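Novice: Submitted below is the structure of interest, expressed as structure tokens.
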Amino acid sequence: MEGSVYLDCNATTPLDNSVREVLLKYLVEEYGNEGSRTHEYGARAKQAVQRARDQVASVVGAKREEVVFTSGATESNNLAILGLAPQGEKEGRRHVVTSRIEHKAVLEPFEELERRGFEVSWLEPGPDGVVRPEALADALRPETLLVSLMHVNNETGIRQPVAEYTRALEGHPAYFHTDAAQGFGKDLEGLRNPRIDLISVSGHKVYAPKGIGALVMRRRGYSLPPIRPLVLGGGQERGIRPGTLPVALIAALGEAAERAEREQAQRCKTCSAIRDRALAALSALDPVPSGDPTLSLPHVLNLRFPGVDSEALMVALKDLVAISNGSACTSSSYKPSHVLKAMGLSDDEANECVRISWCHLTPEVDWEAVAARIWALR
């Protein structure tokens, strides 16, 4: 709505100006097909794609050849999870592990594995929103094929202890996948651990366009994870994800990745300042944080205002700020958040929670006016 400040950056982010320039350049001027090897248009397109591989790989400490471009984290998650299934069936390793707080793009592929005869261990979070590494260690079996635990939760903003998960996996052959849609380019060190085999990336969560993402596939020794393609019909991306490469989208993601890495500290500082102003204005309302707020990235607040329905709150604030009460992928459903329920909240409590998420591009917010509107609903 015109006049309201956008505070739903966990759903999608605005396009960075420099990213827009790169996108338009490869849409309008350098429109060659990366697979065309007989002329300079194709050669320049290939150079742009290779540069983007380097830019994305740098953020997580990977190598160019370990980056596969996809349409976004949903496809990357499906490719990582379902693409490993044939290897598990071949080796008789039909046990997999995930958690109850994952995005639907992870939960539903695991449900599909269950339908195919795999056994899934579903790990529960604590009230703080964290899945304990001890729970992972207890769930591992000799026949465990895959562990998929997210990097940062999309609803609460809470960082999961990825480094501790990797320690729990020491000496175990299971592949470790993390859905990093919310943390890529924001929490850098968490994704640079070489024990993370598979990393899902989404462009539109890091100031790039929608419709582009990546799956980082780290080598073990000389071997990439044995992912089978979900789509057939071409040799692009080493046959793992065939189809004509969207050069403009890829180049834009590369630019966004490079800027995120270079500007991470300043962006964090800006977001922390916005968080401080928000909490200062809202504290008199005694909001209840969802999970441990000290574990959250600085651009997210998930708060419960007891006695105030989240739907009524969003309507009351819509001319001031644009916020949400859960994942955009499930916003058409009025069911309570599966993440908050897994953390122990009742249906009524979950329905009182709102997610407020901003970024370094967010303009000034009249937090006092926001607080006054919430007071009026009580």
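Any read-out appearing in this document is the output of simple, stated calculations on the displayed coordinates, not a laboratory observation. Quick caveat, the model's predicted, so the values are computed rather than measured. Reconstructed Cβ throughout: ideal geometry from the backbone, glycine too, with neighbour counts over all protein chains shown.
Novice: Which shape class, rounded, prolate or oblate, goes with the stretch 122-199 when its Cα gyration tensor gives a ≥ b ≥ c as root eigenvalues, a/c under 1.5 marks rounded, and past that a/b bigger than b/c marks prolate?
Specialist: Judged from the Cα gyration tensor, the stretch 122-199 comes out oblate (a/c at least 1.5, b/c at or above a/b).
Novice: Another question about this same structure. Give me the one-decimal nm value for the distance between modelled label points at residue 12 and residue 163, 7 Å along each residue's Cα-to-Cβ direction.
Specialist: My value for the distance between the label points is 3.5 nm.
Novice: Ok, one more. Can you tell me the Rg and the Dmax, both Å, for the Cα atoms in the stretch 12-121?
Specialist: Cα only, the stretch 12-121: 18.7, 52 Å (Rg, Dmax).
Novice: Return the lysines within reach of residue 63: Cα separation strictly under 25 angstrom, same-chain partners fewer than 8 residues apart disregarded; answer none if there are no such residues.
Specialist: Cα-Cα hits under 25 Å: 46, 186, 205, 210.
Novice: Dividing the Cα convex hull volume of the stretch 1-69 by residue count, how many Å³ per residue is that?
Specialist: 132
Novice: Something else: Which translational diffusion coefficient, to the nearest whole µm²/s, is obtained for the stretch 296-378 from the Stokes-Einstein equation, given a Kirkwood hydrodynamic radius over C-alpha pairs, 20 °C and 1.002 mPa s?
Specialist: D, rounded to a whole number, is 159 µm²/s.
Novice: Now, a different point. Taking the Cα centre of the chain as origin, sum charge times position over the Cβ atoms of Lys and Arg (+1) and Asp and Glu (-1), and report the length of that vector in debye to the nearest 20.
Specialist: Dipole size: approximately 1160 debye.
Novice: Given only helices, namely DSSP H runs of n ≥ 4 each adding -39500 (n - 2.57), what is the per-residue ellipticity at 222 nm of the chain, to the nearest 500 deg cm²/dmol?
Specialist: Result for the chain: -11000 deg cm²/dmol, rounded to the nearest 500.
Novice: Would you please state the base-10 log of I(q)/I(0) at q = 0.18, 0.20, 0.21 1/Å for the stretch 234-378, with intensities from the Debye formula using one equal scatterer on every alpha carbon?
Specialist: Values, matching the q order: -1.07, -1.22, -1.30.
Novice: Expressed in whole Å with the largest first, what are the equivalent ellipsoid semi-axes of the stretch 177-286 derived from the C-alpha gyration tensor as the square root of 5 times each eigenvalue?
Specialist: 34, 17, 13
Novice: Shifting gears a bit: Kindly put 184, 176 in sequence by how many other C-beta atoms sit within 10 Å of each C-beta, fewest to most.
Specialist: With the fewest neighbours first, 184, 176 line up as 176, 184.
Novice: Also, I was wondering about something else. What residue among 247, 308, 283 has its Cα farthest toward the positive end of the dipole of the stretch 232-316, where the charges are +1 on Lys, Arg and -1 on Asp, Glu, each on the Cβ?
Specialist: Towards the positive end, the residue furthest out is 247.
Novice: Also, quick follow-up: What's the extension gain from residue 87 to residue 288 if we count 0.36 nm per residue and subtract their Cα-Cα distance?
Specialist: That pair, residue 87 and residue 288, stretches by 67.9 nm at full extension.
Novice: Something else: Could you estimate the translational diffusion coefficient of the stretch 17-258 from the Stokes-Einstein equation, with Rh from the Kirkwood formula over C-alpha pairs, at 4 °C and 1.567 mPa s, in whole µm²/s?
Specialist: Translational diffusion coefficient: 71 µm²/s.
Novice: Further question on the same structure: What is the Å³ per residue value for the convex hull set by the Cα atoms of the stretch 105-234?
Specialist: Spread over its residues, the Cα hull of the stretch 105-234 gives 138 Å³ apiece.
Novice: Assuming R0 = 45 Å, what is the FRET efficiency of residue 232 and residue 29, from their Cβ-Cβ distance, to the nearest 0.05?
Specialist: It comes to 0.85.
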